[in-house]
1. Which number in (1) touching a residue at least 24 places away in the same chain (Cβ under 8 Å); (2) of a type outside the set (D, E, K, R); (3) under 20 Å from Ser245 (Cβ atoms) marks the one condition that Gln290 misses?
2. Among the residues of region 375-385, is there at least one that is among the aromatic types (Phe, Trp, Tyr), crowded, with 21+ Cβ neighbours inside 10 Å and within 16 Å of the chain's Cα centre (by Cα)?
3. May I ask you to list the residues in region 314-350 that are open to solvent by 30 Å² or more (accessible area, probe 1.4 Å), in a loop (DSSP other than H, G, I, E, B) and of a type outside the set (Ser, Thr, Tyr)?
4. Restricting the search to region 294-313, which residues are assigned to a helix (DSSP H, G or I) and closer than 20 Å to Ser186 by Cα?
5. Between Val403, Val426, Val435, which is under 27 Å from Cys142 (Cα atoms) and open to solvent by 30 Å² or more (accessible area, probe 1.4 Å)?
6. Quick one: would you say Leu300 is over 28 Å from Ala384 (Cα atoms), buried (at least 17 other Cβ atoms within 10 Å of the Cβ), touching a Leu at 6+ places or on another chain (Cβ under 9 Å) and in contact (Cβ under 8 Å) with a residue 60 or more places away in the chain?
7. Please go through region 133-161 and pick out each residue that is loosely packed, with under 11 Cβ neighbours inside 10 Å and assigned to a loop (DSSP other than H, G, I, E, B).
8. For region 351-360, indicate whether the set of residues that are closer than 24 Å to Tyr440 by Cα, over 12 Å from the mean Cα position of the chain (by Cα) and open to solvent by less than 10 Å² (accessible area, probe 1.4 Å) is non-empty.
Amino acid sequence: MVRSLSGSIDSITTGPGRLLGVSVRLTECVDLNRDGCLDLFTLDVATGAELWRMSLPPRTYFLRTEGQERADSFATISEDGRIVIFSAETAVAIEELGANAVVRCLRSEELTLTPVELTHWNEAPPSTPTTLEPLLVVKNLCQEFPIRKGITRRIVGRLKAVDDVSFEIAPGETLGLVGESGSAKSTTGRALLRLIEPTSGEIDFDGTDVTGLKGKQLRKMRASMQMVFQDPYSSLDPKRTIAESVGEPLVVHTNLGRKQREARVGELLELVGLGPHVAHRYPHEFSGGQRQRIAIARSLALNPRLLVCDEPVSSLDVSTQSQVINLFVDLQDELGLAYLFIAHDLSVVSHISDRIAVMYLGRLVEVGPATEIVQRPRHPYTAALLSAIPIPDPVVQRQRARVVLRGDIPSPANPPSGCRFHTRCVFAMDICREVDPPAYVTADGTTTYCHLHTEGPALAGQPVTLLEAARAPVSTPPGSS
């Protein structure tokens, strides 16, 4: 849909992070045609324009003309992989183009063309992309609890709640951690902040080893790593006003005076959509969604860079859940926060997350981009979680093949040998019962821990949904013929 044309354009080639061979002087709109070709009418760029990666806000790229200090327009990469190009008056979504894709103007005959010598991406000098260093790096995290017995409370065993978990979170990124109850998701989040002491492993936050900090150093680090707890009814002191609860981090970590603290509390309550007029009320006067907003305001008091959100919407009704999730998204865009978003509902996690990590019995079974995890699961457990999400379309819902897991999650005090999921997996093979599956990395960046990609059907990175699920055996009641 082209509204007006002016200027000149020939054609361009594209590559990762670059636009090459461009000659454009157009200022109206962007149009994606049905044949996959792109009309460019928002940009004001010269030959050799590049996409420059900026650190804030995340996933934002500025289209900058050589020799100019200011960008005339910019583009953002959305969660579903689409590029949105913005100018002063226009924002139009267009499909993402891969390396070496040739883009031309379909209405070039109506324009005065300026000949340009096109440069093929493979022949062009490689650009130097600006990669962000991970904000949080977790390596081989383990969390064990002693099993005690008898009057003397002697230790008779160890419960491995978190076993060899590793992941990274970049600045401004949301990593969703999902799994059924008993998977040790909340334990992982608490161990990151050292609310419980991890048994072993490395927790590196912004270049600092958190596990080696003590006293004042640990307290200072916690100002940058905050937590939003699951239950807003128990996380707020019923005997304290909202101003006292939200302002408590300022008392502990800063030297602000009373009036400065009150002003900051008002700003925080305004930020989460409540307003300073509620500061002197008590928690029992608010609904569950409002209490969770207050808890979020308290976690933002010290301007943290990472929030560990421990199932922050699980105790809320559906309409309130959407409001709180949208609040998290708005705060991330405004403040550049990074989230570890813990939940058991994949539909909620997929809405807010850039990447998703699926956890089962204390171990990660699949980690990858949110779109890939949701649309092309590589692990049977992920496929089972996805099949449990209802679809608000009766026709589609009836046609879906539901994956029903057999039995309950095993005890972490006595985990199964080999792959921990083999006791409930319909595709389990002999090797699954004996050998722990190694990491298999697919071409799109998904890491899965499953023998199905190397043994048996050898999926080699293809979605596990391609396999036909074996029917679970029907148990016969005792005494029946």
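The values are calculated or read from the model by the stated rules, or taken from the named source; none is laboratory data. Quick caveat, the model's predicted, so the values are computed rather than measured. With ideal geometry, Cβ positions are generated from the backbone for all residues, glycine too; neighbour counts draw on all protein chains shown. The protein model used for the area step is the full one, side chains on, heavy atoms only, and it has no ligands, DNA or RNA in it. Shrake-Rupley method; radii C 1.70, N 1.55, O 1.52, S 1.80 Å.
1. All conditions are met except number (1).
2. no
3. Result: Asp317, His344, Asp345.
4. So in region 294-313, the residues assigned to a helix (DSSP H, G or I) come out as 294-299.
Hits for region 294-313 are Ala295, Ile296, Arg298, Ser299.
5. Just one listed residue meets the conditions, Val435.
6. So Leu300 passes the test.
7. Glu133, Gly150, Ile151, Thr152, Arg153
8. Looking for residues that are closer than 24 Å to Tyr440 by Cα, over 12 Å from the mean Cα position of the chain (by Cα) and open to solvent by less than 10 Å² (accessible area, probe 1.4 Å), one finds at least one in region 351-360, hence yes.
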